[in-house]
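First comes the structure, then the notes that go with it.
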Amino acid sequence: MLYVWYLSILLSALSLVIMLLLIGRRVLHERRGTAGADQRRLLLTALIAFTENRDREALKTALLAVPARVAIDAGFEFISLLRGEEHDELLSAFNECGLPTLVGTQLEKGNGAERIHAAEMLAALRSEDAVANLLSALDRDRSREVRIAVAIALCDIGALPPLVITLRKIGVAGQRSRRVIELFRRFPSKRFDELEDYGSREDAVPFIRAAAIDALARNGGFRFGEFFARAAGDPSPEVAAAALRALGLTGHANAPAILAKAMENGGWDVRADAADAAGRLGLFELAAPLAQLMDDEAWTVRYAAANALRSLGQQGEQVLREIAASEVSRRQRTASLILAEGPAA
């Protein structure tokens with residue numbers, strides 16, 4: 001019985017100690033947060049003052065008076081608000097004050113989020129060592145997401161290695177990061193041929209090929225129409241669907257035939273994107289196959305087909321009304337739903 005009492009007292013004391021530690025940790029965290037906010041406010045005040053008096057020594061003193069993390073975060077946020085001469089002068093001041101060195105250290109030794117932020121900051125600072133630091137991180141960093149952020153930064157400053165080399169360094173096995181799409185969308189127009197070449201490779205990862213097609217459709221325009229037309233018949237449903245979306249944005253002389261064939265594809269995403277492209281291009285000659293797709297087993301396909309018909313104007317809506325007035329079925333219910341949503345936006 002005495003043992004039970006001793007154990008209870010011990011557990012109570014242990015609970016009290018743990019509670020005190022948690023309270024102390026909370027207080028310390030709040031104090032650090034308050035101190036960080038004060039440091040950030042002082043630095044932002046110094047940055048605003050610099051835009052008025054151009055006193056680089058005062059700015060340097062303010063930068064060195066706060067932790068590197070605060071200097072990098074506040075500096076990056078402030079510089080993104082400036083344009084023109086003020087932006088350029090602040091960049092020069094940051095470089096003279098040694099901020100790129102702090103950012104380079106964070107790129108090498110920070111946690112994942114800090115390293116991504118450092119890559120973005122190096123691209124903004126455009127210091128002499130920025131390219132070297134970023135290329136080193138692209139080679140060595142252990143995180144794929146950080147390597148993608150580094151590649152985006154290199155792309156922004158015009159120093160990205162050839163696409164094939166870049167993707168090999170990033171790693172393409174199992175690649176599904178949405179930031180690869182962002183990287184491709186930032187590609188300079190003079191390097192679009194690299195995207196086309198990679199998008200044409202049947203041995204490449206379908207997701208990356210689709211991302212390349214998406215970027216070309218958004219930024220390359222009509223000049224890649226033939227490429228999109230060929231890719232629409234690709235064995236990979238993901239690539240074919242991306243090509244069909246591209247055709248919906250750019251158009252093509254053979255679009256009706258290409259889309260009609262795609263509507264018979266075994267992949268539901270291919271059929272859905274073919275229907276959506278037909279609606280975007282206003283191809284009323286595809287009203288019949290679109291009406292057939294409204295009986296598709298996949299709800300996404302049925303909805304895309306019905307929405308495409310609604311996008312074709314009065315003639316398309318008439319087809320929907322005829323289907324909605326027919327016997328109860330999947331296509332009839334889909335037509336009724338689309339009509340109930342009102343006219344196309």
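The values are calculated or read from the model by the stated rules, or taken from the named source; none is laboratory data. Quick caveat, the model's predicted, so the values are computed rather than measured. In this analysis, Cβ positions are derived from the backbone assuming ideal geometry, glycine residues included, and neighbour counts consider all displayed protein chains. Only protein heavy atoms, including side chains, enter the accessible area calculation; ligands, DNA and RNA are left aside. Shrake-Rupley method; radii C 1.70, N 1.55, O 1.52, S 1.80 Å.
Worth pointing out:
- 0 to 90° range, to nearest 10: angle between helix 144-156 axis and the chain longest Cα axis: 80
- Taking the Cα centre of segment 186-234 as origin and assigning +1 to Lys and Arg Cβ atoms and -1 to Asp and Glu Cβ atoms, the resulting dipole is close to 280 debye.
- Coil-residue GluC sites (Glu not before Pro) of segment 167-239, DSSP, other Cβ within 10 Å capped at 11: 202
- Annotation: for a label point projected 7 angstrom from Cα along Cα→Cβ of residue 179, residues of segment 107-130 with backbone N closer than 20 Å are 107-127, 130.
- Summarising the label geometry, the points placed 7 Å from Cα in the beta-carbon direction at residue 328 and residue 80 lie 5.4 nm from one another.
- Computed from Cα atoms, the angle from the helix 314-324 axis to the main principal axis of the chain rounds to 80 degrees.
- Charged-residue dipole, Cβ positions (Lys, Arg, Asp, Glu), segment 52-107 about Cα centre, Debye nearest 20: 240
- Estimated from helices alone, the mean residue ellipticity of the chain at 222 nm is -23500 deg cm²/dmol (sum of -39500 (n - 2.57) over DSSP H runs with n ≥ 4, per residue).
- Set of lysines with alpha-carbon distance to residue 60 below 27 Å, sequence-local pairs under 8 removed: 109
- Rounded to the nearest 20 debye, dipole of the chain from Cβ charges on Lys, Arg, Asp, Glu: 820
- Inter-centroid distance (Cα atoms) of segment 281-345 relative to segment 144-176, Å: 42
- The mean accessible area for residues of the chain, using a 1.4 Å probe and ignoring ligands and nucleic acids, is 54 Å² per residue.
- Principal-axis analysis of the Cα atoms of the chain puts helix 130-140 at an angle of about 70° to the longest axis.
- Local net charge near residue 110, Cβ-Cβ under 12 Å (Lys/Arg +1, Asp/Glu -1): -1
- Carbon/sulfur fraction of accessible area - the chain, other protein chains in place, 1.4 Å, %: 54
- Equivalent ellipsoid, segment 190-262 (semi-axes from 5 times Cα gyration tensor eigenvalues, Å): 17, 15, 9
- Working from the Cα coordinates of the chain, the gyration tensor eigenvalues give, after taking √(5λ), semi-axes of 51, 32, 21 Å in decreasing order.
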